[in-house]
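Asker: My structure is below; once you've seen it, I'll send some questions.
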Amino acid sequence: MAWILGDGLFTEIKNIKLQPDGVQDRPAWAHSSDGDLSFKEAFEFTKPRGAVLPWFKKIWVSYIPPSRSWLLWKIIHGRLATDDNLRKVGIMITSCCSLCTYPSTMESTKHLFLECTYASAVWNWIDYVFNVRIQFYNLEDLLSTTSRMSAGSQVQDLCWAAIFNGFWTIWWSQNRIQFVTIPQAIKMITHLTSDAVKFSEGHMTNSVVDLSTIRYFGATTKPRKAPRIEKVCWDPPLNGWIKINSDGCSLSTPGPSGSGGIFHDHHGRLIGCFSNSLGITTSVFAGFHAVITALEIALDQLWVQIWLECDSLLVVMALEEKFKVPWRIINRWDSCIDRLSRIQFRFYIYREDNQCADVLSKKGDDYQGFYWWTATPDFLRASLGRDLLRLPYYRFS
Ligand SMILES: [Zn+2]
């Protein structure tokens, strides 16, 4: 058969795991993780999502009213009804900036929000209050202001809200709804910003600068809660048991991924460990792949007292039938579960307690295919030594 199909295709077909006896085959939608075709999946297939823009999450935030987010969205996309944009659609009007001390200047989005003396006064005030270097030469620089701040997240949210309200106030003043002087505009921005920050989930740092900035806006300070620190140590299994730690990792979703696992006896001695390159896939698939590979090895070795540890909550949920296993690996999963009835096992630990498996899964990216070691590989010595000496890791939550 290999002569007819060629080695590659023959090996691929040979490695396909069939469903256990009595389980019906079912069609799977290849573009979803669980194989189900939902309306959402069909929509995304016909109309793929566009690239996620870097400012997307910064504009649509809970503490900014949607009307102000909408205004900034229109400014960024050049859709605001300023005179330059109206001319682009054929409405030829005489243009003159109504806020400027130089009345001969034409009104454009760039002039109104960046170059106008009115806008400069607003941005300079925000610069002074937050002690952040606002660069208002182009919109991208202005939108990246908070990323240059070292203050706590509550003050960053305040600054971001003040920038939004700055745009809003400039546009509001330009529309001549009411003549607003610069001191009045600043008072209005302060009032709108202190209202907005009530909905912010940010926290202040223990700094006098943060405190005085928050007090300036009359907002309530939100100090960060003291972290709960837990000491986590790796433990060897009970006498006669085999302990498996497994982990999967992916550099992004989807991205280059790997899975890894390590087997110990009750003395803590290494029985073996594996690392597997998975190509481009998701962290969910990698997590399941690591557990399934570890279980298949244990089943092949006829080990019946297994203490299996992994840090994937989804694997635990899949065992409780609260999460659907990725369809690409479900046959192998069903086959393992079918044989697991004679095995005792325990699942789920903290990530900090799974360091060796984590190192092995990340190594999967360096190797091609499946690697098995029966002696400790050099790259694992530090983590394994730490586990065997029972040195603690600390978990902050
Ligand atoms: Zn102007």
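Readers should treat all values here as calculations from the given coordinates under stated rules, not as data from a laboratory. These numbers were taken from a predicted model, which means no experiment stands behind them. Positions of Cβ are generated from backbone atoms using ideal geometry, with glycine treated the same way; all protein chains shown enter the neighbour counts.
Asker: Mind sorting SER200, SER277, SER67 by how few other Cβ atoms lie within 10 Å of their own Cβ, fewest first? Walk me through the numbers on the way to the answer.
Answerer: On the way: SER200 21, SER277 17, SER67 8.
Listed from fewest to most nearby Cβ atoms, that is SER67, SER277, SER200.
Asker: Still on this model: For region 13-149, what relative contact order do you get, as a whole percent, if you take Cα pairs closer than 8 Å and at least 6 residues apart?
Answerer: Numbers: 90 pairs, mean separation 14.7, N = 137.
Computed over region 13-149, the figure is 11 percent.
Asker: Please work out how much length the chain gains when fully extended from CYS233 to PHE39, using 0.36 nm per residue of separation minus the C-alpha to C-alpha distance, in nm with one decimal.
Answerer: Details: separation 194, 0.36 × 194 = 69.84 nm, distance 4.55 nm.
Result for the pair: 65.3 nm of gain on full extension.
Asker: Using a cut-off of under 13 Å, list every residue of region 193-211 whose amide N is near the label point 7 Å from the Cα of ARG224 along the Cα-to-beta-carbon line.
Answerer: Only 202-207 fall inside the zone, counting backbone N under 13 Å.
Asker: Next question, about the same structure. Taking the Cα centroid of region 68-113 and of region 140-169, what is the distance between the two, rounded to the nearest whole Å?
Answerer: If we compute the Cα centre of each part, the gap is 23 Å.
Asker: Further, regarding this structure: Relative to the longest principal Cα axis of the chain, at what angle does helix 182-196 sit, 0 to 90 degrees, rounded to 10?
Answerer: Helix 182-196 sits roughly 30 degrees off the main axis of the chain.
Asker: Using Cβ contacts closer than 10 Å as the measure, can you line up LEU340, LEU9 from fewest to most?
Answerer: Numbers: LEU340 16, LEU9 12.
By the 10 Å Cβ count, ascending: LEU9, LEU340.
Asker: On to the next question. Taking a cut-off of 28 Å between Cα atoms, list the lysines near LYS17, but don't count ones fewer than 8 places away on the same chain.
Answerer: Those lysines meeting the cut-off are LYS243, LYS322, LYS324, LYS362, LYS363.
Asker: Relative contact order for region 55-217: what is it in percent, counting Cα pairs under 8 Å that are at least 6 residues apart?
Answerer: Working: 179 pairs, mean separation 37.9, N = 163.
Once normalised by length, the contact order is 23 percent.
Asker: Next question. With contacts defined as alpha carbon pairs under 8 Å and 6 or more residues apart, what's the relative contact order of the chain in percent? Spell out each step's value before the answer.
Answerer: Values: 599 pairs, mean separation 60.5, N = 397.
Normalised by residue count, the contact order of the chain is 15 percent.
Asker: Given R₀ = 25 Å, FRET efficiency for SER104-ASN131 by Cβ-Cβ distance, to 0.05?
Answerer: Working: r = 35 Å, r/R0 = 1.41.
In this case the efficiency is close to 0.10.
Asker: Could I ask something else about it? Using only Cα atoms, find the angle between the long axis of helix 153-174 and the longest principal axis of the chain, and express it within 0 to 90 degrees, rounded to the nearest 10.
Answerer: 40
Asker: Tell me the angle of helix 66-76 to the major Cα principal axis of the chain, expressed in degrees between 0 and 90 and rounded to the nearest ten.
Answerer: Helix 66-76 sits roughly 80 degrees off the main axis of the chain.
Asker: Tell me which residues come under 5 Å, amide H to amide H, from THR281 once H is placed; ignore anything under 5 positions away on its chain.
Answerer: Amide H neighbours of THR281: GLY255, SER257.
Asker: Okay, next question. Between PHE396 and ASP366, what is the spin-label point distance in nm, taking each point 7 Å from the Cα along the Cα→C-beta axis?
Answerer: 2.8
Asker: Just tell me the longest site-free run in the chain, where the sites are trypsin sites (Lys or Arg not before Pro) in a DSSP loop having at most 14 other beta-carbon atoms within 10 Å. Display every interim value, and only then the final one.
Answerer: On the way: sites that count: ARG49, ARG79, ARG133, ARG176, ARG224, LYS225, ARG228, ARG269, LYS322, ARG346, ARG390.
Here the longest segment lacking exposed loop sites spans 80-132.
Asker: Quick one: ASP127, ASP83, ASP7, fewest Cβ neighbours within 10 Å first, how do they rank? Before the final figure, lay out each step's value.
Answerer: Numbers: ASP127 17, ASP83 20, ASP7 9.
Going from sparsest to densest Cβ surroundings: ASP7, ASP127, ASP83.
Asker: Using 1/(1 + (r/R0)^6) with R0 = 51 angstrom and r between the beta carbons of LEU389 and ASP141, what's the FRET efficiency to the nearest 0.05? Spell out each step's value before the answer.
Answerer: Details: r = 51 Å, r/R0 = 0.99.
The formula returns an efficiency of 0.50 here.
Asker: Suppose each label sits 7 Å from its Cα in the direction of the beta carbon; what would the TRP29-ARG381 distance come out to in nanometres?
Answerer: It works out to 5.1 nm between the two label points.
Asker: Can you tell me the length gained on complete extension of the stretch LYS322 to LEU211, counting 0.36 nm per residue apart and subtracting the Cα distance? All intermediate terms of the calculation are to be shown ahead of the outcome.
Answerer: On the way: separation 111, 0.36 × 111 = 39.96 nm, distance 4.52 nm.
Taking 0.36 nm per residue and subtracting the Cα distance, the gain is 35.4 nm.
Asker: Enter the Cα centre distance for the pair region 221-257 and region 1-55, rounded to the nearest angstrom.
Answerer: Centre-to-centre distance over Cα atoms comes out at 30 Å.
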